[in-house]
Amino acid sequence: MKDVAIVGIGMTPFGELWDMSFRNLFAEAALAAIGDAGVDHIDSMYVGSMSPGLFIHQEHIAAMLADYLGVAGIPSTRVESACASGGLAVRSAIFEVASGASDIVLAGGVEKMNDGADATFALATAADQEYEAFHGITFPGLYAFIANAHMAKYGTTREQLADVAVKNHGHGALNPKAQFPFTITREQVMNATMVADPLRLLDCSPVTDGAAAVIVTTLETAEKLGKPIVKVIASGAATDGIALHSRKDVTTIPSVALAAERAFSQADLTPEKIDVAEVHDCFTIAELVVTEELGFVDRGKSGEAVSAGETKLGGRIPINTSGGLKSKGHPVGASGVAQVIEIVDQLRGSAGDRQVEGARYGLTQNMGGSGASCVVHIMEGVS
Ligand code: COA
C-alpha cells in the first residue's frame, strides 16, 4: 500500500443557501479543492450524499456531478452511509490511492436539505423503518433516549449538555463558513424550545445546505506538488445494528470504539497523542458519548470534562474547533468531508483564530444514524 496525503481542500459556506443548487454547491467545493491542490486533473472521484432522491428528487448524482464539473469520462462513485457518507467517501478515495489504482482522487460530499423536502422524514429513513420510524420516532427522539440513559447512569446534567453547544458555538463564532457563527449562553440553551426531552433546539445540529471536497494523492505526488502535506496515517471503520434497541447499553456507541481501535492501531498511537479532533456532534449528547468512546475521557466523565473546559480551544484536547455540526451546520453527506478539512487546516497551521498551537496529530469521527456506521481518520501534519 502506498502512503497517502491530502493536498487540497475546499468547501462552500454552510447554511440555508437558496441561491445555490445541489450541483453548484458541489462544483464550488470541488473547484476550490482542485485549485488549492494545484493539480491539473483528477483520475477519479467519490461523492458522499445521503439522500438527494428525497431532498431534491435527484438520483444518479455521481455521473451528473462529474459531468457538471467538466470531468465526464472519469470513474465517479456515490457513497451512502447516512450521515457518515462523507467520511466513507474520503475513506474510499484513500484506498483507491493507497492501492495504486489512481494517483489523484477527489473525495467530496454534498447535501441540499433546504429545498422544500420534509427533512425530518428524509433523515428518519436512516433509522430502522420497521422498528423505529414506523412508530414515529425521529433522530432527536433517539438521541434523547441516549441522553436520558446517560443522565440516569452517570449523573450527566442538563447544564453539561448545554455546555457542549456553548463551546461549539464559541468555536463556530470564529468560523466564517459556519451556518450559526455566533456565541450562545448556557441559559439560552436551557430555555430554548423543547424538541425531544431533554434535548432542546440548541442541543440539535441544524438542517443545512453545503458541500465540501478534498484531494487525495500519494505522498510522492504530494511532495512534487510542493504544497503543505497532511499525511493520512489511519482509516478505521465499523458498523453496528441500525436500531437503537438492539444495543446492549444505550449510553454507548460501540461502532465508534471499534472504528477508533482500528484507527489507533494502524496509526500506532494512543488517544493522548491526538492534538485536535472533529467529532460527530449531531446532538450535544452525541459529542459526550463519542468523546468517551474515542478514549479522550473516561466513561461517564465527558460531561464534567466539557464543563471544565478540557475540550475547548486552549483546553487539554480541543474538540470541534470548526464549530462542529452544531454551529457550523450539518449538510449530512458533506459533514464527514468538512471535518477532514478542519483537521487539514489545523495540521497545516492555517486555522487562523481557531488554530491549536503546534498541532501535529488530528482525528475525525463521522457516524451514520444513531451510530450504525462510523469512520475514524487520523492525520499527521508533516510539513
Ligand atoms: N441551532 C441554532 N439555531 C437554529 C437551529 C439550530 N440547530 N435550528 C434552527 N435554528 C433557528 C433558525 O435559524 C430559526 O431562527 P429565526 O427564527 O431567527 O429564523 C429558528 O431557530 C427556528 O428554526 P426552524 O427552522 O423553524 O426550526 P425547526 O423547528 O424547523 O427545526 C430542529 C429545528 C432542531 C427540529 C431541526 O433543526 C432538526 O431536526 N435538527 C436535527 C437534524 C438531524 O436530525 N440531523 C441528523 C442527525 S443524526
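The residues listed here are T218, T183; of these, the one that is hydroxyl-bearing (S, T, Y), surrounded by fewer than 23 Cβ atoms within 10 Å (Cβ to Cβ) and within 14 Å of the ligand (Cβ to nearest atom) is T183.
Tell me whether the stretch 83-94 contains one or more residues that are within 21 Å of the chain's Cα centre (by Cα) and over 28 Å from A122 (Cα atoms). Yes: one or more hits.
G38 meets each of the listed conditions (1) within 16 Å of the ligand (Cβ to nearest atom); (2) farther than 18 Å from D209 by Cα apart from (1).
For the stretch 354-377, a tally of residues being away from the ligand (no atom under 14 Å from the Cβ) and either of a type in the set (S, T, Y) or in contact with a strand residue (DSSP E or B) (Cβ under 9 Å, 6 or more places away or on another chain) (or both) returns 10. Sort out which residues of the stretch 295-317 are buried (at least 24 other Cβ atoms within 10 Å of the Cβ) and either more than 30 Å from T120 (Cα to Cα) or not small (G, A, S) (or both), and write them in order of number. Within the stretch 295-317, V306, T311 qualify.
If you filter the stretch 54-105 down to residues that are more than 16 Å from the ligand (Cβ to nearest atom) and in a strand (DSSP E or B), you find that the one that is surrounded by the fewest Cβ atoms within 10 Å (Cβ to Cβ) is A72.
Is it fair to say S327 is open to solvent by less than 10 Å² (accessible area, probe 1.4 Å), within 13 Å of G172 (Cα to Cα) and part of a helix (DSSP H, G or I)? When the stated conditions are applied, S327 passes them. Would you mind stating whether M190 is part of a helix (DSSP H, G or I), open to solvent by 40 Å² or more (accessible area, probe 1.4 Å) and away from the ligand (no atom under 16 Å from the Cβ)? When the stated conditions are applied, M190 does not pass them. Of all residues in the stretch 330-352, at least one satisfies being more than 17 Å from I233 (Cα to Cα), within 15 Å of the ligand (Cβ to nearest atom) and not in a helix (DSSP H, G or I).
The values are calculated or read from the model by the stated rules, or taken from the named source; none is laboratory data. Just so we're clear, the structure is a prediction, and the values are computed from it rather than from any experiment. Please note: Cβ atoms are built from the backbone with ideal geometry, for glycine as well, and neighbour counts cover all protein chains shown. For the accessible areas, the whole protein counts, side chains as well, though only heavy atoms, and no ligand, DNA or RNA atoms are used. Shrake-Rupley method; radii C 1.70, N 1.55, O 1.52, S 1.80 Å.
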